[in-house]
Amino acid sequence: MSQQSSPTVFSAGLDIMEMYKPKPDRVKEFWTTLQDVWLALYGSSFPTVAAINGHSPAGGCLLSLCCEYRIMCPNYSIGLNETKLGIVAPKWFMSSMLGAIPYREAELALTSGRMFSTDEALKIGLIDEVASDKADAIAKSEKFLSQFAKIHPIARKLTKLNLRHSALEWMQENKELDLNIFISFVGQPIVQKSLEKYLEGLKAKQAK
Ligand SMILES: CCCCCCCCC/C=C/C(=O)SCCNC(=O)CCNC(=O)[C@H](O)C(C)(C)COP(=O)(O)OP(=O)(O)OC[C@H]1O[C@@H](n2cnc3c(N)ncnc32)[C@H](O)[C@@H]1OP(=O)(O)O
């Protein structure tokens, strides 16, 4: 999986404008689409690799965490920075992160909304390899995937899905609850104020 929404951005995460003053007719589709993407990618029976060729905050980091292996190009940033926006990474974002890094590192990263540089991410295990550029990331991804030629596909698939079973089952059984938590959370005035402030910060940074 390799994305490119700009030359330096793998994925900027969720569109904050969908959460800031959310439109009631769009918010359900917005969140259920994200749930379905996560179910499909995290629960994919295929081996998956993220070739991360740009910054990867929040939802971008989540996409990569759905994969079994992450390869990242130098000098970018990655992390679940939700608390910096005054929002909370849902439990399935957290469990995705816990599939990659130890609880202690995850707690520190999540509560502080920390973004890691490529080198820092490698050190804590948030990514698995560093690639010199996108072509190298894709070559390394192919090498990772090629090892499965020697593994029985059913054995590999069942092993992966059994490891991920409880998180996947939780989502399948609680999509509606999770949607309602999201809608009521982003509807709170204090959350809207935080998002407004964060958006102002992004604009101010751009004006410099
Ligand atoms: C209990 C649980 C309950 C549930 C509670 C709810 C849970 C929600 C979970 C949320 C998950 C998320 O993904 S939240 C999203 C988190 N994403 C972020 O924090 C990314 C913020 N953006 C950045 O850091 C940077 O923009 C970055 C991606 C590195 C690119 O930097 P650049 O210098 O290249 O570009 P910029 O100049 O900053 O940005 C270009 C323009 O894009 C806009 N932009 C950038 N990211 C954007 C974004 N995510 N959404 C909208 N717009 C964005 C900027 O405002 C600019 O807009 P103009 O000025 O108009 O051009």
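The values are calculated or read from the model by the stated rules, or taken from the named source; none is laboratory data. Just so you know, these numbers come straight off a predicted model, no measurement behind them. FYI the Cβ positions are ideal-geometry reconstructions off the backbone, even for glycines, and counts take in every protein chain you see. Accessible surface areas use protein heavy atoms only, side chains included; no ligands, DNA or RNA. Shrake-Rupley method; radii C 1.70, N 1.55, O 1.52, S 1.80 Å.
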Between their Cα atoms, which of K84/K175; K84/K208; K84/K203; K84/K205; K23/K175; K175/K197 are more than 23 Å away from each other? K84/K175; K175/K197
Reachable aspartates and glutamates from K134, criterion Cα separation under 17 angstrom, eight or more residues apart if same chain: D119, E142
Using DSSP, restrict attention to beta bridges with both residues in the chain and report what percent are antiparallel, rounded to the nearest 5. 25 percent
For G79, distant residues with modelled amide H under 5 Å away: S56, A58, C61, F116
Take the alpha-carbon centre of segment 15-70, take the same for segment 121-140, and report the distance between them in whole Å. 20 Å
Residues with amide H under 5 Å from that of V130, placed H, sequence gap 5 or more: M72
Magnitude of the charge dipole, segment 1-160, Cβ model with Lys/Arg +1 and Asp/Glu -1, debye to 20: 320 debye
Please give the charge dipole size of segment 81-208, origin at the Cα centre, charges +1 on K and R Cβ atoms and -1 on D and E Cβ atoms. Round to the nearest 20 debye. 140 debye
For V191, tell me the accessible area in Å² from a 1.4 Å probe, rounded to the nearest 10. 10 Å²
Most mobile of L62, L98, L163 in a GNM of the chain (Cα contacts under 10 Å): L163
Low-density loop cleavage sites - chymotrypsin sites (Phe, Trp or Tyr not before Pro) in segment 78-160, where at most 10 other Cβ are within 10 Å (DSSP): none
Using only DSSP helix segments of four residues or longer, with each worth -39500 (n - 2.57), what per-residue ellipticity at 222 nm results for the chain after dividing by its residue count and rounding to 500? -18000 deg cm²/dmol
About the Cα centre, and with charges only on the beta carbon of Lys, Arg (+1) and Asp, Glu (-1), how big is the dipole of segment 64-152? Nearest 20 debye, please. 140 debye
By a straight-distance test (C-alpha under 15 Å), which aspartates and glutamates pair with K157 as possible cross-link partners, with residues fewer than eight away in the same chain excluded? E68
